[in-house]
Amino acid sequence: MGATVALKYLEAKGRASGLVLVSPVPPSGNGPMTGRFLLRTPGIAWLLTRGFAMKTAVRNPDHARRIFFNEQMPEEELKTYMEHFAADSKVGINLKSFTTNLPNKQADADGVALWVKRAPAALVVGSGKDIVIDRQGVLEMARFLKIPESRKLLLTPHFSSMSHPIPPPPSSPDASFHFHEQRRLARRVTARRDARERMGHGRRHRSQLDQTCAPMGETWRRHGQ
């Protein structure tokens, strides 16, 4: 629910340098997405119901692995994450309050946030093999934040690819997700750092620059603004 908290913060005129959302719950919440799962993959819908509502992901390693991870994760690491799940499951969510205050309540007819003009630059990322947040949900979030349709990024099936250099935008829309000038960001951060070093500001200033450039919004510019 971190994405929802971030969006409500921005809706309330909170300030931020940038926003990065990875497989976020869409602005309309889980309801419409759950309906899509029921029609498209009822077996997955039942697995998610057991994993979340019945909390089997806390007790059943197979359910936890299928919902959140993959076959390559070591058993000991999986066990560590399940311990965190158990701790989190002790705190409930007021679903009535959550559904009546969803971010999409503050959206126009096109699904764009009413406050998007004062929002920071944003990056929305999704995974092709994520069974909790589907592609439509990721695209809904991108539309809500008015991230340009032309900005797309190909991800390999798992998020481990994010640690590697970003490839050129793909030609296949079915295998792509939105991004907002990520390569431009990397180039500008590097250029600024190198310029400071050439000016002889030393290691202390380099550390300060890293902290300053870390918020992605500083070097991004929303398309069309």
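The values are calculated or read from the model by the stated rules, or taken from the named source; none is laboratory data. Just so it is clear, the structure is predicted and the values come from calculations on it, not from any experiment. Here the Cβ positions follow ideal geometry from the backbone for every residue, glycine too, while neighbour counts run over all protein chains shown.
Scanning for something touching a helix residue (DSSP H, G or I) at 6+ places or on another chain (Cβ under 7 Å) and within 18 Å of I147 (Cβ to Cβ), does segment 64-81 turn up at least one residue?
Scanning segment 64-81, I find no residue that is touching a helix residue (DSSP H, G or I) at 6+ places or on another chain (Cβ under 7 Å) and within 18 Å of I147 (Cβ to Cβ), so the answer is no.
Can you tell me how many residues in segment 10-59 are among the hydroxyl-bearing types (S, T, Y) and under 19 Å from N104 (Cβ atoms)?
Number satisfying all stated conditions: 3.
So that you can scan it fast, the table gives a plain yes or no per residue for (1) out of contact with any Asp or Glu (no Cβ under 7 Å at 6 or more places or on another chain); (2) among the charged types (D, E, K, R):
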site: P24; (1), (2): yes, no
site: R36; (1), (2): no, yes
site: P42; (1), (2): yes, no
site: W46; (1), (2): yes, no
site: V58; (1), (2): yes, no
site: P61; (1), (2): yes, no
site: F68; (1), (2): yes, no
site: Q72; (1), (2): yes, no
site: K79; (1), (2): yes, yes
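Restricting attention to segment 42-91, report how many residues are touching a Lys or Arg at 6+ places or on another chain (Cβ under 7 Å) and under 18 Å from N30 (Cα atoms).
Count: 2.
Taking into account only those residues within segment 7-42 that are among the hydrophobic types (A, V, I, L, M, F, W, C) and not in a helix (DSSP H, G or I), which is nearest to Q136 (Cα to Cα)? Lay out the reasoning, then the answer.
Kept after step one, since they are among the hydrophobic types (A, V, I, L, M, F, W, C), are these residues of segment 7-42: 7, 10, 12, 16, 19-22, 25, 33, 37-39.
After this cut, where a residue has to be not in a helix (DSSP H, G or I) as well, the list is 12, 16, 19-22, 25.
Values: A12: 26, A16: 26, L19: 20, V20: 18, L21: 15, V22: 14, V25: 11 Å.
Filtering first and then ranking leaves V25.
Checking D110 against (1) farther than 18 Å from A3 by Cβ; (2) free of Cβ contacts under 8 Å to residues at least 60 places away in the same chain; (3) part of a helix (DSSP H, G or I), which single condition isn't satisfied?
Unmet for D110, out of (1) farther than 18 Å from A3 by Cβ; (2) free of Cβ contacts under 8 Å to residues at least 60 places away in the same chain; (3) part of a helix (DSSP H, G or I): (3).
Tell me, which residue of segment 71-108 that is closer than 23 Å to T34 by Cα, loosely packed, with under 13 Cβ neighbours inside 10 Å and within 21 Å of the chain's Cα centre (by Cα) is modelled with the highest pLDDT?
Of everything passing the filter in segment 71-108, K105 is modelled with the highest pLDDT.
Consider L7 carefully, then state whether it is of a type in the set (A, V, I, L, M) and either under 21 Å from G126 (Cβ atoms) or modelled with pLDDT of 95 or more (or both).
yes
Quick one: which residue in A3, A64 is within 15 Å of D134 (Cβ to Cβ) and part of a helix (DSSP H, G or I)? Before you say what the answer is, go through the steps one by one.
Numbers: A64 fails: within 15 Å of D134 (Cβ to Cβ).
Exactly one residue qualifies, and that residue is A3.
How about segment 4-39: which of its residues are free of Cβ contacts under 8 Å to residues at least 24 places away in the same chain and either buried (at least 17 other Cβ atoms within 10 Å of the Cβ) or more than 22 Å from the chain's Cα centre (by Cα) (or both)?
A6, N30, L38, L39
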